[in-house]
Structures are given as structure tokens and as C-alpha cells.
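Input: a single structure, listed below in C-alpha cells.
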Amino acid sequence: MQKRYTQTFSNNKIVAYLLSVVLLITAMLFAISIGTVSVPIFDIVRMIGSGLFGFSMEQVDPMYSNIVLNIRLPRVILAGLVGASLAIAGAAFQGLLRNPLADPYTLGVSSGASVGAVLTIFLNLSIPFLGEFTLPFLSIICSFLTMIIVLFFSQKIDRSMKVETIILTGVIFSSFLSAFISLMIALTGEELRQIIGWLLGSVSMRGWDYIQIILPFFIIGSLLVLVNANELNAMSFGEERAQHLGVNVQRRKLLVLTAGSILTGAAVAVSGTIGFVGLVIPHLTRLLWGPDHKHLLPLSILTGSSFLILADLVARTIITPTELPIGVITSLIGAPVFAIILVGSKRKERKR
């Protein structure tokens, strides 16, 4: 009986990974193919194959090659990395804080990143040798400073750094920084449209350079979270029980919070504020495939990546030639989906 249960569990997880990978590949191909100029999927596969395996590209139209390699492919990859970053950060925070309503923006890190970006636009800052990358650079710096300040004040208030203290400190700093952003918006002139556009979120016209900015943060942050999967499983039952199981709660908590903040700060720095990805995707993944963080975290990466790629596809094609901010699309999709999930979960609880 036990053997049959273990085999069924293993098969379910294989199905979960296969479906998630197929969804991601399908989302990428459709997002690269569909646009003002449609690119045949066969040509896309041939172009990607030429880059990976050295296949011949002689029969591919140079116009298709330019559209795919210089415009759509980097945009799709960037959207995928941002979605994956927000999803795994959301899954980690929900497990750590034992709250399904927690998301990557809980600690106010996104507000810190937004302050850095809005200040750059407001003051028209440009650091020598960085040029157009001044904005993401200062955004990441401000997000890290916010994280350090939040953790510092949390420790000053409560040496054991209880979850409730961290959340409240994050909310306080997030509110203060949001007020600061509102002040800059009120004082701004011609830059208003640019600031609002950035705050609503976009991965348009970012290019390969922005992928190079987020990629190292995504790798470091994801690895830090993934190696703490077992500890997140233990801490989801409460800090005291996790401590009895031999988990160094304070150290692991700091590692996960730091990793989640790294992922969130880098994602916000390159794309602006994109809501609901880190809230809905981990919650949906947990409902579909279970709460075990060893599988929840990597599956959230794959699903979050697919979701944001498809959301960006909708954002740039739904009212062509006008392009909507991706944050608007994720909120329009995410809010009702999350409401349905909550209603469904409450009904299940009542039946029990």
C-alpha cells in the first residue's frame, strides 16, 4: 500500500513538471511568433536551434531573424525571468510567513526599488559609464537598502525577529516610501507619463542587456530559496516546531528573506511593479500540486514564467498597435482568479 502511494505521488510530480515545461515552451513559441509581423513557429525553432546547436539559418528570412533575435526573444526571456523571480519569491514568503496572502512586496522591497527608479526619472540622473542602466542600478541599490533597514528595525524591535514584527515593519516602510513616491509624482512635470508607465510595469524595449542585469540575481536568489526548501516545509508548521526539528530558525529566516528580497528587487528594477504574479501563482501551484516546497518552488518558477510571458503577449496584442502596461493585465487576470481560488478554498474548508 505504501509503495503504491509513493509511486502515485512520484507520478503526479512527473506529470506536474512535464505539464509546466510544455506550458512554458508553448507560451514562449506563441509569444515569439505572434505580433504585428507573424513569424512561423518552424522558423523560430530553426533560429533557436542554430544558436544552440549550430543549425543552418540560410533559409530563414533576415527580417524574421532580426525580429526574433533582437526584439521578441529577449523580451520573452526577460518576461519569463521576472515572472519566475516574483513567483518563487512569493512561494518562499507565503511558506515562511505562513500566510497565503503574502507576496514579494510584503517587506516593502518593491517600494524601495520604485523609489530608486522614480528618483532617477524625476532628477534625470545618469551615472557615467552606466547611461540608460542608471535606473535599474539605482533601483536595485534602493531595494537592498530598504531590505537592510527593514531587517535592522525588525531586530531592534524584537530580537527574535518574529514573523509579525517583520511584516508590520515592512508595511510601515512600504507606506512611507509609497508616500514619498506620491510626493515626487505630485511635483513632477514632463516626466509624469514616464514615471506612471514605469510604475505600471513593462518589459518592452529592454533588450539582452536587461537580461544580463536580472539573471545573476535570479540565479543567486533562486538557489538560496531552493536549498532552504526543507526548512520552509518545517517553518510552515510554526517556528517553535521547526526549532524542535533542529532548524536554525533565525538564520534560515534571514536567508529566505534576503533571497526573496534579491529576487523582488531585481525584478522590479528591470520591469517596474507587476502585481499578483507572486500572490496568485504560488497559491494556484500549491492547490494543484501540493504544499511541499521541494516541488512547489521549482513548479512556481515554471508557472510564473509562463504566466508573465502570456500576460505580456496579451498586453502588446489585445489593442494593437497600442501596448498596455503588463501590470494592468496581470491585475485584471490575477484579481478575479485569486478571488475564485479563495472562494473555492473556503468552500472546501466548510465541507470538512
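None of the figures in this text is laboratory data; all of them are computed from the coordinates on show. Here the structure is a predicted model, which is why all the values come from computation and not from measurement. As a convention, Cβ positions derive from the backbone with ideal geometry for all residues, glycine included, and neighbour counts pool all protein chains shown.
See the values below:
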{"item": "Dimensions (Å) - region 155-273, Cα atoms, principal axes, largest first", "result": "58, 35, 20"}
{"item": "Highest to lowest packing among 41-48, 230-237, 285-292, scored as the average C-beta count within 10 Å", "result": "230-237, 285-292, 41-48"}
{"item": "Enclosed volume per residue, in Å³, of the convex hull spanned by Cα atoms of the chain", "result": "172 Å³"}
{"item": "Relative packing of 306-316, 195-205, which averages over residues the other C-beta atoms within 10 Å, highest first", "result": "306-316, 195-205"}
{"item": "Partners for Lys13 among aspartates and glutamates (Cα-Cα distance below 15 Å; same-chain residues under 8 apart left out)", "result": "Asp292"}
{"item": "MRE, 222 nm, helices only [DSSP H, n ≥ 4, -39500 (n - 2.57), over the chain, to nearest 500]", "result": "-25500 deg cm²/dmol"}
{"item": "Protection-proxy order for peptides 134-144, 68-78, 21-31, each taking the mean of Cβ atoms within 10 Å per residue, highest first", "result": "134-144, 68-78, 21-31"}
{"item": "Full-stretch length increase - Glu164, Ile196 - with 0.36 nm per residue and alpha-carbon distance subtracted", "result": "8.3 nm"}
{"item": "Space enclosed by the convex hull of the alpha-carbon atoms of region 227-343, per residue, Å³", "result": "109 Å³"}
{"item": "Sites Leu187 and Asn248 - FRET efficiency at Förster radius 41 Å, r taken between beta-carbons, to 0.05", "result": "0.30"}
{"item": "Net charge of Cβ neighbours under 13 Å - reference Val37; Lys, Arg +1; Asp, Glu -1", "result": "0"}
{"item": "For region 187-227, convex hull volume per residue from C-alpha positions, Å³", "result": "111 Å³"}
{"item": "Farthest positive-ward along the chain dipole, Cα basis, beta-carbon charges - from Leu183, Val109, Gly246", "result": "Gly246"}
{"item": "Of the DSSP H helices in the chain, those whose Cα atoms cover at least 24 Å axially and whose Kyte score averages -1.0 or more", "result": "2-33, 73-97, 134-157, 163-187, 208-226, 249-271, 293-317, 326-351"}
